[in-house]
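The values are calculated or read from the model by the stated rules, or taken from the named source; none is laboratory data. Keep in mind that what you see is a predicted model, and the values were worked out from it rather than measured. Note that each Cβ is placed from the backbone with ideal geometry, even for glycine, and that neighbours are counted across all protein chains shown. Protein only, heavy atoms only, side chains kept; ligands, DNA and RNA dropped before computing areas. Shrake-Rupley method; radii C 1.70, N 1.55, O 1.52, S 1.80 Å.
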Amino acid sequence: MEPITVYPARMIRTMEPALPTAEAVAVRGDKIIEVGSLESMRPWLDAHPHTIDERFRDHVIMPGFIDPHLHPSMAAVLLPMHFTTALEWHLPWQDVPATRGHNEFLDRLKEIDLDMGDPDEPMFTWGHHPIWHGEVDRRTLNGISANRPIIVWHRGFHTLVVNDAAIAWMGMDEADGERHPQVNMAEGRFFETGLSLAYRYFNPYILESKRFEGGLERLAEVVHFGGHTTIGDMAAGMFNLDMEWDALVKVLERDDTPFRVQMIPPGNALGGGQKDGDRLVQRTVGLRERNTHRLRFYDHVKLFADGGFYAGLMQLGPPGAIDGSHGEWMTPPETFEQVARAYWNAGFKIHVHCTGDMGVELALDTLEKLQWERPRFNHRFTIEHFGVSTPEQVRRMADLGALASVNIYYVHELGHAYWQNKLGHERASQMSRLGTLARHNVTTALHTDFTMAPALPLNSAWVAATRISEAGHVMGPEERLTLDQALRAITIDAAYILGLEHEIGSIRGGKTADFTILEQDPYEVGAENLREIPIWGTVFEGRPHPIKRP
Amino acid sequence: MIPVTVIGGYLGAGKTTMINSLLAGDHGLRLAVLVNDFGAINIDARLIAAHDGDTISLSNGCVCCTIADALGEALDKVLAMAVPPDHIVIEASGVANPAKIAMYGRGWPGLCLDGVIVLADGDNIQAQAADKFVGHTVQLQLAAADILLLNKTDLLTGAQNQSVMTWLAAEASDSRVIPTSFGAIPFTILLGAGGLPQTIHAEPHATYQTVVFRTPRALDRERLLARIASWPRGVLRAKGLVRLGDDPVHAHVLQLVGCRHELSLGPAWREEVPATQLVLIGIEGQIDSDCLRASLLSACI
Ligand SMILES: [Zn+2]
């Protein structure tokens with residue numbers, strides 16, 4: 001048997017209420033043997049060969065961080081692009097500064113152009129938003145470069161703008177663009193259904209396997225950089241399951257990958273075509289045959305209610321949106337119910353993408369019906385995102401046994417904008433209402449939906465505990481989590497959402513030895529400073545993985 | 001350019017029944033029908049020539065393909081077929097706005113929009129349009145229709161039928177509303193093709209009538225458009241070549257689908273003797289062939 005390794009630390013935050021702090025943790029192979037002090041674990045050490053590893057003597061050990069909802073494939077497409085966002089992004093290879101104002105945006109494009117070696121390589125940028133950057137068009141981009149194809153992608157993916165060189169590179173007939181009612185050729189702008197005309201030319205390039213695998217390599221760096229040891233791919237196979245799966249196995253199922261991925265497949269095609277429940281369940285169950293050590297399908301499935309939150313397509317109940325706009329449904333309610341019933345009766349744990357309060361309402365109406373037809377305990381029906389909701393819905397969630405996995409970054413990035421343009425202050429300040437969830441004892445995780453928010457769990461916990469918007473306001477102080485609640489939401493409570501709480505999420509004997517190693521103690525620095533805490537690296541299944549500094 | 005017809009409407013409106021009848025129908029067209037899911041499509045096994053995952057080929061020359069979240073890709077696949085289809089039909093999902101799907105007909109290379117047909121379940125449409133979840137979605141669907149088929153009218157009494165027709169006329173003020181059962185509607189109305197001058201009978205509610213108009217005289221563009229705008233709602237389709245006074249070189253193509261019409265530049269006349277030749281199809285009793293011909297004649301120069 002392998003010898004035991006003991007890691008003494010300045011502080012161990014176990015996230016176990018029965019023993020919240022400790023001084024040392026003993027690990028054998030991939031499992032924790034005991035957490036406590038060198039004295040308390042003496043019987044183990046006397047009985048078995050062991051070594052004392054002092055490397056974390058000045059560090060703080062926490063359970064490995066968990067983000068139960070992000071999108072590796074989406075990230076693989078986006079991470080090879082250049083970020084031009086209005087908010088700063090910390091990436092392992094680069095600190096992207098906030099770009100504000102029209103001129104700053106253009107300067108940023110010029111800077112990227114200069115930094116790129118190959119003068120013909122297309123420049124894909126992501127992060128443009130008219131609120132912060134003003135409008136750009138084909139002529140503006142021609143001014144940046146006459147030769148390099150430039151593609152400016154909107155933060156929320158709803159428009160893209162290209163220059164002359166990009167149109168030439170795409171090989172697109174100008175006349176085709178001029179004919180399309182949702183392409184403005186003079187401005188080089190593609191929007192709504194016009195976007196698919198652009199994807200027709202881009203997809204072979206951005207989904208090309210070498211580039212996609214390169215993007216996944218970057219995603220792996222990002223995940224480690226944030227201090228994660230477990231993530232959930234909350235729509236596994238969003239482009240093409242076979243293509244994605246091959247790339248994921250190739251890039252992530254490696255000895256040096258310091259995290260695991262729970263694969264949660266969509267329960268049916270978007271748009272809600274399929275309704276044949278038994279066939280869908282069978283197909284989803286069959287995915288488990290693919291499982292490898294790090295990449296695993298379980299009995300979890302993802303369903304979709306209403307549209308995207310960044311795109312403003314959430315379904316709002318009264319009083320609706322300030323601008324009178326309406327959301328979209330991703331699945332017809334009847335189909336949603338039919339498909340949910342099939343998975344419910346097959347014992348699945350159902351995760352539902354809900355962004356607006358009407359989306360939540362649909363999910364809860366359905367859950368209530370299913371509970372009536374066939375009661376289940378410990379069913380882990382989870383509302384994902386939870387942008388706009390009502391307090392009564394939270395109470396109903398508690399009554400029905402539903403859980404929440406919340407994108408808290410909405411409050412930071414969109415809190416001010418949605419106050420001004422979409423929801424008004426009352427509802428915008430109560431987006432992602434974590435405080436109410438906590439008051440009703442609804443188990444809650446934080447997620448980033450990366451690339452919708454930076455994949456940095458301490459940053460998510462910081463927003464959850466402070467609710468500070470990018471404009472500097474505290475949005476809805478009553479909906480803040482306590483520091484402890486916020487940290488539970490990126491560790492043990494996130495493990496619960498993934499159904500893995502018996503294996504990961506806290507530090508206690510018998511669990512998997514997944515740790516995040518911090519340079520400071522979150523409980524000492526307090527909520528306001530959470531996002532500044534430097535991360536040394538992680539321990540994944542008993543093996544230390546320091547974050548490489550450039 | 002291959003014409004595209006979009007079939008929209010909420011769940012249960014009868015889209016699938018209509019698509020099944022299009023696939024098996026005796027219309028002489030090679031259709032490509034794009035659907036969200038094969039699940040409900042019911043094709044006689046004897047008609048299936050090949051089935052390769054996301055495409056079913058029929059022995060009558062039609063194909064049925066799944067959209068699988070990527071309509072553009074599905075259209076490109078159809079356009080790349082060895083023999084491209086004569087006409088493409090796209091089934092909009094139950095929560096889609098058909099007007100949005102129609103953008104593909106207007107903008108995708110190689111395609112042109114024929115029309116948007118929206119089906120409504122006569123028995124449930126009013127409840128659906130007031131539903132707390134999908135009410136607004138259903139209202140958008142109705143508003144997107146060039147031609148609105150009020151389906152399942154066999155389940156309604158005469159008075160119910162009348163009341164829902166009145167309600168729809170207000171809800172979808174521009175589109176032409178046709179009562180029907182089992183989606184039974186002539187292919188000429190659905191697809192606007194093969195419009196031969198005959199009276200077509202369709203059970204049980206509406207009977208259709210075809211009007212043919214020919215003249216060697218040139219028409220005045222403005223006057224023609226004004227006349228069309230004044231036609232009764234019973235005119236469902238019109239198609240043909242027009243000789244316009246302001247363009248002696250080219251024929252112009254008039255296409256009318258329900259509430260929408262357009263007059264676009266057609267081929268040059270060359271050796272052909274310039275003449276206007278139009279076929280109109282409408283609901284019998286709601287159109288008068290003499291009046292329509294007179295209306296067109298009055299647009300002549
Ligand atoms: Zn997501």
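Counting only other residues whose beta carbon sits under 14 Å from that of A:Arg42, what net charge do I get with K and R as +1, D and E as -1? With Lys, Arg at +1 and Asp, Glu at -1, the net is -4. Solvent-accessible surface of chain A, averaged per residue with a 1.4 angstrom probe and all protein chains in place: 37 square angstrom. Of interest is the spacing of the C-alpha centroids, which for the range A:8-65 and the range A:372-404 amounts to 36 Å. A cut-off under 15 angstrom between Cβ atoms defines the neighbours of B:Ile228, and their net charge, with Lys, Arg +1 and Asp, Glu -1, is +4. For the range A:487-550, the fraction of alpha-carbon pairs lying more than 13 Å apart is 69 percent, rounded to a whole number. When both bridge partners sit in the protein assembly as shown, DSSP labels roughly 50% of those beta bridges antiparallel. The mean number of partner chain beta-carbon atoms within 10 angstrom of a residue's beta-carbon across peptide A:190-197 is 4. Using every pair of distinct Cα positions in the range A:212-293, the Kirkwood expression returns a hydrodynamic radius of 14.0 angstrom.
Accessible area per residue of chain B at 1.4 Å probe, in Å²?
On a per-residue basis, 42 Å².
Could you let me know the centre-to-centre spacing of the range A:107-125 and the range B:211-235, using Cα atoms, in angstrom? Distance between centres, Cα-based: 56 Å. In the range B:81-98, burial by the other protein chains removes 10 Å² or more of accessible area from B:Ser93, B:Val95, compared with the chain on its own (1.4 Å probe, ligands and nucleic acids ignored). The calculated Kirkwood hydrodynamic radius for the range A:299-481 is 16.3 Å, given to one decimal from all distinct C-alpha pairs. Per-residue ellipticity at 222 nm computed for chain A from its helices equals -10000 deg cm²/dmol, with DSSP H segments shorter than 4 residues left out and the rest contributing -39,500 (n - 2.57).
Overall form of the range A:389-441: prolate. Here a/c, set by the Cα gyration tensor axes a ≥ b ≥ c, is 1.5 or more, and a/b is the larger of a/b and b/c. Give the lysines reachable from B:Lys15 as a straight Cα distance under 17 Å; neighbours fewer than 8 places away on the same chain don't count. Straight-distance partners of B:Lys15: A:Lys275, B:Lys152. Look at the alpha carbon pairs under 8 Å that are at least 6 residues apart: their mean separation over the length of the range B:196-297 gives a relative contact order of 35 percent. If you bin all the Cα-Cα distances of the range A:314-363 at 10 Å, starting from zero, the percentages per bin are 24, 46, 22, 7, 1. Among the protein heavy atoms, those of A:Arg155 account for about 10 Å² of accessible surface (1.4 Å probe, every chain in place). Once backbone amide H atoms are built at 1.01 Å from N, A:Thr538 has A:Ile517, A:His545, A:Ile547 as its partners under 5 Å, excluding neighbours fewer than 5 places away on the same chain.
Counting only lysines at least 8 places from A:Lys110 when in the same chain, there are none with an alpha carbon closer than 22 Å to its own. Look at the stretch A:169-178: the mean tally of other chain Cβ atoms within 10 Å of its residues' Cβ atoms is 1.
About its Cα centre, what dipole magnitude does chain A give when the only charges are +1 on Lys and Arg Cβ and -1 on Asp and Glu Cβ, stated in debye to the nearest 20?
Around 960 debye, computed over chain A.
Of the residues in the range A:320-346, those shielded by at least 20 Å² of accessible area once partner protein chains are present, compared with the chain alone at a 1.4 Å probe, are A:His326, A:Glu328, A:Trp329, A:Pro332, A:Pro333, A:Glu334. Shape call for the range A:96-195 from the C-alpha gyration tensor, a ≥ b ≥ c root eigenvalues: rounded (a/c under 1.5), prolate (a/b greater than b/c) or oblate? Note, shape of the range A:96-195 comes out oblate. For the pair the range A:514-550 / the range B:76-106, the C-alpha centres are spaced 52 Å from each other. With R₀ fixed at 41 Å, the C-beta to C-beta distance from B:Ala275 to A:Glu135 puts the FRET efficiency at about 0.25. Can you work out D for chain B in µm² s⁻¹ from Stokes-Einstein, where Rh is the Kirkwood radius over C-alpha pairs, the temperature is 10 °C and the viscosity is 1.306 mPa s? Rounded to a whole number, D works out at 79 µm²/s. Shown for the range B:16-48: residues covered by the partner protein chains by 20 Å² or more of accessible area relative to the chain by itself (probe radius 1.4 Å), namely B:Asn36, B:Asp37. Buried area at the A:B interface is about 2400 square angstrom, summed over both chains, from accessible surfaces computed with a 1.4 angstrom probe.
Counting Cβ atoms of other protein chains within 10 Å of each residue's Cβ and taking the mean over peptide B:146-153 gives 0. Quick check: from the Cα gyration tensor, does the protein assembly as shown come out rounded (a/c under 1.5), prolate or oblate? Prolate, since a/c reaches 1.5 and a/b exceeds b/c. Where both bridge residues fall in chain B, DSSP classifies roughly 55% of the beta bridges as antiparallel. Solvent-accessible area assigned to carbon and sulfur over the protein assembly as shown amounts to 51 percent, based on a 1.4 Å probe. Across the range B:276-285, coupling constants 3J(HN,Hα) worked out from phi with the 6.51/-1.76/1.60 Karplus curve, θ = phi - 60°, read 8, 9, 10, 10, 10, 10, x, 8, 4, x Hz, and Gly and Pro carry x.
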